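Data first, discussion second: the structure below is written as structure tokens.
The values are calculated or read from the model by the stated rules, or taken from the named source; none is laboratory data. Keep in mind that this is a model prediction, so the values were computed, not measured. For neighbour counting, all protein chains shown are included, and Cβ atoms are generated from backbone atoms with ideal geometry for every residue, glycine included. Side chains included, ligands, DNA and RNA excluded: accessible areas come from the protein's heavy atoms. Shrake-Rupley method; radii C 1.70, N 1.55, O 1.52, S 1.80 Å.
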Amino acid sequence: MITTRPLDTEPSTAPAPSWAPRALVAWVAEQVELLEPDAVHWIDGSDAEAARLTDELVEAGSLIALNPELRPGSHLARTDPGDVARVEDRTFICTTDPAGAGPTNNWREAGAMTRELRPWFAGSMRGRTLFVVPFSMGPVGGPLSQLGVQLTDSAYAVLNLRIMARVGSEPLAAFGGADGEVPFVRGVHSVGFPLRDERGETRDDVAWPCNETKYITQFPETREIWSFGSGYGGNALLAKKCFALRIASTMGRDEGWLAEHMLLIRVTDPAGRAFHIAAAFPSACGKTNLAMMQPTLPGWRVETLGDDITWMRPGADGRLWAMNPETGFFGVAPGTGETSNPTAVRTLHANTIFTNVALTDDGDVWWEGLTDEAPDHLIDWRGDDWTRASSTPAAHPNSRFTAPIEQCPSLSPDWDAHAGVPLDAIVFGGRRATNVPLVTQARSWRHGVFVGATVASEQTAAAEGVVGELRRDPFAMLPFCGYDMGDYFAHWLRVGAGLGDAAPEVFQVNWFRKGADGSFLWPGFGENSRVIAWIAGRLAGTAEAVETPLGSAPAPGALDLTGLEITEEALAESFAVPTQAWLAECTLTDAFFARFGGTLPPELHAELADLRARLASA
Ligand code: GTP
Ligand code: SPV
Ligand code: MN
């Protein structure tokens, strides 16, 4: 693991551009005092700069260059085995009052957390370069866009960030020039592995520096993020979950908009009618797959606008407008293959950073599900020899690819439209082996908010924890809401009231219901186009529905099953609404709602009572 990077190589430096706001330059100087880096480098976002940083990481052994003939411009990173996913129990919302965080977040008093963090950050960048990364979430200068700056001592984080967000000189120009006072979110990130201690003792770097102690802290009141000890994904790319969801959801509450863990697509039916749909599924529950879906139904088209985060704001026309603030995909590798997601496979052909996947003997990558058969020999994500006889997976279950959105063959030309796109439907989903039907339509916006608020899902490898455990994950935002979720539900109700009849329709889907034999009832992936087609039909007023206690479901024959091999029994089972099981869910919902006390909107209690009444008369 010890690398060859000598401490005395010339550190990469680049001064602050003359158009950087003085307030930003002063803030950086203040942090330099605390962090004590050996060098400071303002990221300009150029290809030459990225090439230089990449070369340095390859030289240091932190990145492996893949075979340029098979995977041009692409690299593999292997993390420390203790730094492979988001760490929810080390993620904190820090406000002056516990009411600022609510019952579903880890709260810390902001002042106390600042004092607790200080010794960890003090000198944490000794021997390293501090990179200053100005960025814009959303098109630079767009009406839904927001600015941020991440300070980091991880060149790996910089390289990922420049795929995931608009970084460097261009967004910096939007900060208003030297006298600029445009607000921006401040993020400080350190892997927490200084190369020199306070006495000047040095140590060698490692391929994946991190710290056993981790802090992922958000300060919504001051729009700050402090992240310590991890180099991985949502812990380290502060523009993503920390900013674009946790901080942004709080900004949205204050300013009348929504920051959501949603994919965004445009669906076009055979008659040429287009619909914009956003869908919230918890981590590793199918957003990227739906965002890139190749419909099996002839004549239908799905275009990709975003796969993870959607910002939405009521427009001047009274409709809800939606925008993807990112510029890349940080997607789950396992399960991504030619049959499940051929669009993703195309997207990853070049210029991609892979993290914790397996390395093939010819210098390419592999993971479970990429092909039906594993190669004879691989180097697994830990760097060990792997054969088909091995008892552990070759790729980590949360291994990921970071790829530029513009490489996606199904990308919508409007993906970076300044105003976003007008939204027609919102879909909630989760990973449920039982109870939740393949698709239902909510009875109203208020019922839709109830559906979103009560979503439960089986836990995945995207965060540390017990995989498979069922937990409530309202709006797929449990780990990402920056404030009290009771207030968040109320905010959703408020936004809906403002939209009135122009509000999007709300649906719930479940691709993951299982039969008695434990296998999925519904084939999923491209076949999900049949469900999307019914949703579009509902929006167009052409698809028939029947009432169920959970909402409207496809009437017999309304779901296009042409050419699909599915038994009558499996289909019936995937739509079943078992009354007793749902009454038991209602009891669990009572307990879940009780956690919020006074912040839970009374409308949701009313919806629960209505659901019970419908179940009783079913
Ligand atoms: P995050 O990036 O963590 O937010 O995840 P995501 O919601 O984008 O999930 P993704 O699309 O990457 O899918 C996660 C896993 O679910 C992959 O292994 C997929 O193969 C699997 N998956 C996605 N869609 C379906 C489906 O329709 N049916 C089944 N059975 N599995 C699916
Ligand atoms: C998720 O876990 O929802 C992700 C990956 O999209 S991460 O960026 O690590 O949050
Ligand atoms: Mn996600």
Subject >> 0 to 90° range, to nearest 10: angle between helix 110-121 axis and the chain longest Cα axis >> reply: 50
Subject >> For the range 106-154 versus the range 276-328, the gap between their alpha-carbon centres in whole angstrom >> reply: 28
**OP:** Order the peptides 287-299, 184-196 from the highest to the lowest mean number of other Cβ atoms within 10 Å of their residues.
**Re:** 184-196, 287-299
Original post:
Tell me which lysines have Cα within less than 24 Å of residue 287's Cα, excluding those fewer than 8 residues away on the same chain?
Top reply: 240, 241, 514
**OP:** Please give the net charge around residue 305, taking every other residue with its beta carbon less than 10 angstrom from that of residue 305, where Lys and Arg add +1 and Asp and Glu add -1.
**Re:** -3
Subject >> For the range 354-466, diffusion coefficient by Stokes-Einstein and Kirkwood Rh (Cα), 25 °C, 0.890 mPa s, µm²/s >> reply: 135
**OP:** Can you tell me which of 322-329, 422-429, 545-552 comes out highest on packing, and rank the rest after it, using the mean Cβ neighbours within 10 Å?
**Re:** 322-329, 422-429, 545-552
Original post:
Magnitude of the Cβ-charge dipole of the range 390-507, K/R +1 and D/E -1, about the Cα centre, nearest 20 debye?
Top reply: 400
**OP:** Please work out the FRET efficiency for the pair residue 544 and residue 316, using the Cβ-Cβ distance as r and a Förster radius of 35 Å; give the result to the nearest 0.05.
**Re:** 0.50
Subject >> Percent carbon-and-sulfur accessible area, the range 182-281, ignoring ligands, DNA and RNA, probe 1.4 Å >> reply: 46
**OP:** Could you tell me the largest-minus-smallest coordinate of the C-alpha atoms of the range 374-528 on each of the three principal axes, in descending order and whole angstroms?
**Re:** 59, 42, 34
Subject >> Angle in degrees between helix 602-616 and the longest Cα principal axis of the chain, rounded to the nearest 10 >> reply: 40
Original post:
Working out 0.36 nm times the residue gap between residue 434 and residue 51, then minus their Cα-Cα distance, what length gain in nm do you get to one decimal?
Top reply: 133.0 nm
Subject >> Solvent-accessible heavy-atom area per residue, rounded to whole Å², over the chain at 1.4 Å >> reply: 37
Original post:
Any idea how far the Cα center of the range 540-580 sits from the one of the range 192-220, in Å?
Top reply: 54
**OP:** Assign unit charges at the C-beta atoms only (+1 for Lys and Arg, -1 for Asp and Glu), then state the dipole size of the chain relative to its Cα centre in Debye, rounded to the nearest 20.
**Re:** 1300
Original post:
Roughly how tilted is helix 529-540, in degrees to the nearest 10 and between 0 and 90, from the longest Cα axis of the chain?
Top reply: 70
Original post:
Could you work out the helix-only [θ] at 222 nm for the chain, with each DSSP H run of four or more residues adding -39,500 (n - 2.57) and the total divided by the number of residues, to the nearest 500 deg cm²/dmol?
Top reply: -7500 deg cm²/dmol
**OP:** Using only protein heavy atoms and a 1.4 Å probe, report how much of residue 312 is accessible, in Å² to the nearest 10.
**Re:** 0
Original post:
Give me the log10 of I(q) over I(0) for the range 43-126 at q = 0.18, 0.23 Å⁻¹, as the Debye formula computes it from C-alpha points; what are the numbers?
Top reply: -0.93, -1.10
**OP:** Could you quote the convex hull projected area for the chain, Cα atoms only and averaged over all directions, in nm²?
**Re:** 27.0
Subject >> 13 Å Cα-Cα reach of residue 214 towards aspartates and glutamates, excluding residues that sit fewer than 8 places from it in its own chain >> reply: 83, 88, 89, 116, 464
